[in-house]
Amino acid sequence: MNDSRRPMFAANWKMHMGPRGASEFVAAFAELYAPRDDARIVFFPPSISVAAFRDASEGRPDLELGVQDVHEAVSGAHTGAVSAAMAKEAGVGWALAGHSERRREFGDDDATVATKVNRILESDTRPLLCVGETLEEREAGQLETVLSRQIKAVLDTLDGHGIAGLTYAYEPVWAIGTGRTASADDAAAAHAVVRREIEMRGGPADAVILYGGSVKPANIDELLSAHGVDGVLVGGASLDPEGFAAICSAGR
Ligand code: 13P
């Protein structure tokens, strides 16, 4: 990580934590983790828990808030979906796009992800674009091809202003929820590919790129020490206030 930049710690709660759980988590986490200006903390609760999180975190503006997904349309007959503008109105500053679980379970392809990123930017919200390869793709030597395709599909639809507004997460699919973590060398190599692709398509050399996949208190120091890793996107280990507070305190 570049020492002059503050690390970003993001929690993707996936389909965990209803409104009550979110409120209880915030109360516990706020006790364990005092505000500090040398890190950025962002939570992605389920949409149904956004209001409860926002209310519980009043007085803690350092605990930023995002949604895990938005629909690619601005509005309309899309039962069950949430638009980027609605998320913004609910007090959200961030939105994930392209998480591998959305790609796999809900059929979000590269074009859909690109449209969602555009909707998020139009709503004056910050997209956290997730990219990453499956085990089969890695073993077939397709790491660079896959990362390049996923990044190109989005950046080619944006102007310079839009491109400058993106934050990235490299999440190897084989490391998500499996307990198998990329080594610091694996993460550094993949982040270098992501950074090169961003730069080739007009993005900034210092784009923030997080690592995600089985991050926990036991491996956070190693991962943060990897070259080009600017923070982490944490799933399972972010559900425990103590564990996530430990993760957010790492590296300093
Ligand atoms: P785990 O930390 O549970 O592997 O999940 C990672 C992830 O998908 C974060 O978006």
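The values are calculated or read from the model by the stated rules, or taken from the named source; none is laboratory data. Quantities reported herein were computed from a predicted structural model and do not represent experimental measurements. Backbone-built Cβ (ideal geometry, glycine too); neighbour counts: all protein chains shown. Remember, those area values only see protein heavy atoms, side chains included, never the ligands or the DNA or RNA. Shrake-Rupley method; radii C 1.70, N 1.55, O 1.52, S 1.80 Å.
Pick from G177, G141: which is within 28 Å of G236 (Cβ to Cβ), open to solvent by 50 Å² or more (accessible area, probe 1.4 Å) and part of a loop (DSSP other than H, G, I, E, B)?
Details: G141 fails: within 28 Å of G236 (Cβ to Cβ).
Sole residue among the options that is within 28 Å of G236 (Cβ to Cβ), open to solvent by 50 Å² or more (accessible area, probe 1.4 Å) and part of a loop (DSSP other than H, G, I, E, B): G177.
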Q) Regarding G141, is this residue in contact (Cβ under 8 Å) with a residue 40 or more places away in the chain and either of a type outside the set (D, E) or within 16 Å of the ligand (Cβ to nearest atom) (or both)? A) no
Q | In segment 17-52, residue nearest to A90 (Cα to Cα) [restricted to those that are aliphatic (A, V, I, L, M) and within 16 Å of the ligand (Cβ to nearest atom)] | A | V42
Q) What number of residues within segment 32-74 satisfy the criterion of being open to solvent by less than 10 Å² (accessible area, probe 1.4 Å), assigned to a strand (DSSP E or B) and out of contact with any Ser or Thr (no Cβ under 7 Å at 6 or more places or on another chain)? A) 5
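Select from segment 201-246 the residues that are of a type in the set (K, R) and more than 15 Å from the ligand (Cβ to nearest atom) and list them in ascending order. Let's see the steps before the verdict.
Residues of segment 201-246 that are of a type in the set (K, R), as a first pass: 201, 216.
The one that is of a type in the set (K, R) and more than 15 Å from the ligand (Cβ to nearest atom): R201.
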Q | Some residue of segment 94-112 being part of a helix (DSSP H, G or I) and among the β-branched types (V, I, T) | A | yes
**Q.** Residue, surrounded by the most Cβ atoms within 10 Å (Cβ to Cβ), within segment 144-174, restricted to residues that are of a type in the set (A, V, I, L, M) and within 14 Å of the ligand (Cβ to nearest atom)
**A.** A169
